[in-house]
Amino acid sequence: MILSYYTLIILLLAGTIRVATPLVLATYAGLFSERSGVVALGLEGMMLGAAFASAASSAIYGSAWIGLLIGVSTSVLIAGLLSFVCVFKQGNQVVAAIAINLTIAGLAPTLALAWFDLGNQTPSLVNPGQRFLELSLPWSSSARLHPFPGLLYSELISGHSFIVYLAATLVPLSAFILYKTRFGLRIRAVGENPYAVDTAGISVKKIRTQAVLISGVLCGVAGTYLATAAGAGFIPDMTAGKGYLALAALIFGNWRPYRALGACLLFACTDSIATRLQGVSLPMLGVIPVQFIIALPYILTVVLLAGFVARSNPPKAIGIPYDK
Amino acid sequence: MSNIKSSLYLRLEPIVLPLVNLGIALIISSLIICLIGESPQKAIEIIWKGSFGSGEGLGYTLFYSTNYIFTGLAVALAYHAGLFNIGCEGQAYVGGLGVSLVGLYLGGLPVWCVIVLGIFAGALFGAAWAAIPAYLQARKGSHIVITTIMFNFIGSALMTWFLVSVLIKPGQQAPESRAFSTHAFLPSLKGLFALLGINTGESPVNLALVIALIIAALIWILLWKTRFGYELRVSGTSQSAARYAGISPESYMFKAMLISGALAGCLGLNELMGSQHRLTLDFPAGAGFIGIAVALMGRNNPVGICFSALLFGALVQGGGELAFEMPHVSHSLVIVIQGLVILFCGALEQLLKKPLRKVFLTHV
């Protein structure tokens with residue numbers, strides 16, 4: 001009995017890690033962008049663009065690595081367009097991001113249909129080389145035989161795609177860059193008080209552009225994960241609002257790296273519980289509607305924004321174009 | 001001489017600028033069609049023929065336009081109060097619940113009574129869905145863009161739950177409600193168009209079009225001919241000026257969002273009472289987002305919105321024909337055009353304003 005609960009919890013946590021990976025990447029993308037003062041509503045579009053580009057190129061060239069490269073480049077290109085509009089042309093950041101999200105949401109299926117003729121999708125990636133498959137770390141199969149510490153190793157630490165490990169290293173790295181380097185200090189300063197940064201002789205536009213491009217890289221990895229690791233190809237709207245969920249996690253984490261990570265894990269955990277709880281009747285509660293669990297992260301974020309639980313401290317200069 | 005030219009241009013700018021921006025969006029879309037390997041000229045011909053070339057096509061174009069008038073007005077009204085309402089999708093969806101409840105449970109009442117109740121229920125539910133984000137923005141300062149996005153997702157989950165668990169027609173798999181009572185079917189405008197010699201065929205163009213146009217006129221009057229509208233616009237333009245004049249911008253933000261949600265909530269009249277006659281899953285189908293493009297292109301003016309709604313109605317209807325005639329062109333191309341219109345008319349509005357003024361204005 002205890003063992004089955006133990007297995008269940010480990011599988012739940014492993015599921016949480018898989019769901020959390022793209023979310024964490026996108027949330028950290030948003031972290032860089034928003035801390036520099038640029039609204040991160042374009043995460044969805046960048047991720048979707050990367051998902052399409054990586055799936056398409058992996059299908060054509062037969063290599064997931066080329067997929068990752070092209071996926072990230074596409075996302076960075078979209079980030080470049082976004083920073084051109086928001087940073088250099090002082091356009092409305094919210095409107096620009098919505099525009100880009102819609103354009104990509106239309107363009108990806110359009111190109112998929114035109115290039116592959118499979119009804120708005122890319123071909124499924126069937127060859128092992130076309131996807132980032134789950135790696136098994138050394139001794140994981142023999143560790144499985146000893147459930148108590150072993151299962152923890154074989155299911156939770158081993159058995160994930162390369163991108164999961166990449167995301168795991170990017171988390172402390174991003175936190176380090178933002179809080180312990182001069183560049184990170186400048187990003188945070190530009191998001192709080194661009195005038196002060198400008199007075200110090202540092203280009204606000206340059207810092208913001210760099211931050212948005214970094215968010216492009218991270219979203220590119222997230223999109224590639226969706227299409228070549230979690231899924232096996234591109235399908236329309238495959239990001240399914242993850243870019244907005246990432247924004248919710250960012251707000252929930254009060255724009256701080258580790259709190260945002262916690263929010264991502266919480267949201268991912270509710271998601272993986274939701275898939276397991278479908279139709280299961282719980283003691284005291286009965287059957288919880290899946291839709292309620294799906295909406296839970298958004299409800300929690302609104303409650304948090306309402307200020308009943310904690311104060312929310314967004315970057316002060318967020319959304320305000322800077323013009324000398 | 002040059003002054004006449006200048007003042008003429010300034011007068012025409014609200015019309016010229018959106019058209020130039022639309023032109024750029026269409027040129028980029030044409031390039032995409034070229035990239036796909038089809039002829040843009042032929043594509044435009046198909047879109048034109050599909051949307052205006054036949055009575056039935058025109059009927060469908062007007063049917064779609066009706067949706068976009070509602071959501072376009074919703075976005076515009078909030079915009080005048082200085083708010084960007086991207087929650088129209090959710091407000092329209094939840095508003096549809098109100099319309100459906102009337103259609104399902106109050107259908108025994110006389111036709112006109114049901115229609116009026118439908119309008120009120122749609123507006124009430126839409127406004128209710130906008131009320132919490134509006135309150136949080138006005139009182140707590142939480143950003144309306146973020147909260148309305150969250151409410152889109154919450155609304156979508158709520159409606160799925162309603163459809164799957166509560167309103168689903170018994171003994172059926174598809175998440176749809178049972179059909180409305182026939183009293184809740186909005187009358188078709190087929191007869192009216194027949195008087196003009198147009199046969200709208202099987203198209204679902206219905207009374208909601210007339211309702212939308214009347215509401216557009218009322219919103220125009222509200223915004224520019226009443227004290228309420230004036231104070232609302234002042235609050236949107238400058239909060240400090242509004243406060244100095246004794247106007248509470250927070251109160252107007254709240255009211256504007258309620259009206260905006262109510263307008264979006266009326267979408268169900270056209271789509272549900274007018275055409276599908278039952279509540280279906282995800283019936284707004286992106287109309288809330290098209291509303292953003294419509295409002296931006298119509299420069300947040302009800303008259304402009306009616307025209308740009310017509311344009312987007314034509315694009316959606318013609319785009320459907322295009323996907324049918326050119327199997328390599330996806331229906332999603334219309335979404336690209338929408339996105340580009342928002343980009344150029346909204347975010348990059350200033351990009352062309354200066355060069356155009358340089359060309360046409362001599363003394364700037």
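The values are calculated or read from the model by the stated rules, or taken from the named source; none is laboratory data. All of these numbers come straight from a predicted model, not from anything done at the bench. So basically every Cβ, Gly included, is an ideal-geometry build from the backbone, and we count neighbours across all protein chains shown.
Across the stretch A:62-90, what is the number of residues that are in contact (Cβ under 8 Å) with a residue 24 or more places away in the chain, within 10 Å of chain B (Cβ to nearest Cβ) and buried (at least 24 other Cβ atoms within 10 Å of the Cβ)? Adding up the residues that qualify gives 2. Summed over the stretch B:146-169, the residues that are within 15 Å of B:F283 (Cβ to Cβ) and in a helix (DSSP H, G or I) give a count of 9. Here the condition is being over 30 Å from B:V336 (Cβ atoms) and either touching a residue at least 60 places away in the same chain (Cβ under 8 Å) or part of a helix (DSSP H, G or I) (or both); of A:A112, A:A108, A:A189, it holds for A:A189 alone. Going by the conditions given, is A:L125 away from every other protein chain (no Cβ under 14 Å), in a loop (DSSP other than H, G, I, E, B) and within 30 Å of A:A227 (Cα to Cα)? When the stated conditions are applied, A:L125 passes them.
Checking the structure you have, find out if any residue of the stretch A:273-285 is among the hydroxyl-bearing types (S, T, Y) and more than 30 Å from A:I177 (Cβ to Cβ). There is at least one residue in the stretch A:273-285 that is among the hydroxyl-bearing types (S, T, Y) and more than 30 Å from A:I177 (Cβ to Cβ).
Scanning the stretch A:9-34 for residues that are more than 24 Å from A:G243 (Cβ to Cβ) and either among the aromatic types (F, W, Y) or without any contact (Cβ under 8 Å) to a residue 12 or more places away in the chain (or both) yields a single hit, A:I9. In the set B:V303, B:V316, B:V334, only one residue is hydrophobic (A, V, I, L, M, F, W, C), closer than 20 Å to A:N120 by Cα and at pLDDT 90 or above; that residue is B:V316. Just one residue in the set A:G159, A:G233, A:G216, A:G201 is of a type in the set (G, A, S) and assigned to a helix (DSSP H, G or I); that residue is A:G216.
Residue by residue, here is whether (1) within 13 Å of another protein chain (Cβ to nearest Cβ); (2) more than 20 Å from B:L22 (Cβ to Cβ) holds:
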| site | (1), (2) |
| --- | --- |
| B:L272 | no, yes |
| B:A285 | yes, yes |
| B:L296 | yes, no |
| B:N300 | yes, no |
| B:S330 | yes, yes |
| B:I335 | yes, no |
| B:G346 | yes, no |
| B:L352 | yes, no |
| B:L361 | no, yes |
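All of A:G216, A:G319, A:G243, A:G220 fail the test of being touching a residue at least 12 places away in the same chain (Cβ under 8 Å), surrounded by fewer than 22 Cβ atoms within 10 Å (Cβ to Cβ) and in contact with a helix residue (DSSP H, G or I) (Cβ under 8 Å, 6 or more places away or on another chain), apart from A:G319. Just one residue in the set A:E134, A:E44 is under 22 Å from the mean Cα position of the chain (by Cα) and touching a residue at least 40 places away in the same chain (Cβ under 8 Å); that residue is A:E44.
When B:L35, B:L31 are screened for being within 14 Å of another protein chain (Cβ to nearest Cβ), modelled with pLDDT of 90 or more and out of contact with any helix residue (DSSP H, G or I) (no Cβ under 7 Å at 6 or more places or on another chain), only B:L31 passes.
Hey, does the stretch B:202-225 have a residue that's exposed (fewer than 15 other Cβ atoms within 10 Å of the Cβ) and at pLDDT below 90? Yes - at least one qualifying residue is present in the stretch B:202-225. Among the residues in the stretch B:184-194, are any within 29 Å of B:W129 (Cβ to Cβ) and at pLDDT below 85? Yes, there is a match, as at least one residue in the stretch B:184-194 is within 29 Å of B:W129 (Cβ to Cβ) and at pLDDT below 85. Taking only pairs six or more apart or across chains, which ones have beta-carbon atoms under 9 Å, a first residue in the stretch B:158-176 that is on the phi > 0 side of the Ramachandran plot, and a second residue that is of a type in the set (G, A, S) and surrounded by 15 or more Cβ atoms within 10 Å (Cβ to Cβ)? Partner pairs satisfying both residue conditions: none exist. Only a single criterion out of (1) of a type outside the set (A, V, I, L, M, F, W, C); (2) touching an Asp or Glu at 6+ places or on another chain (Cβ under 8 Å); (3) more than 12 Å from chain B (Cβ to nearest Cβ); (4) within 16 Å of A:T27 (Cα to Cα) is not satisfied by A:P314, namely (3).
Here the stretch B:146-173 is the region considered, the condition is being surrounded by fewer than 19 Cβ atoms within 10 Å (Cβ to Cβ) and of a type in the set (S, T, N, Q), and the residue that is nearest to B:L97 (Cα to Cα) is B:S165.
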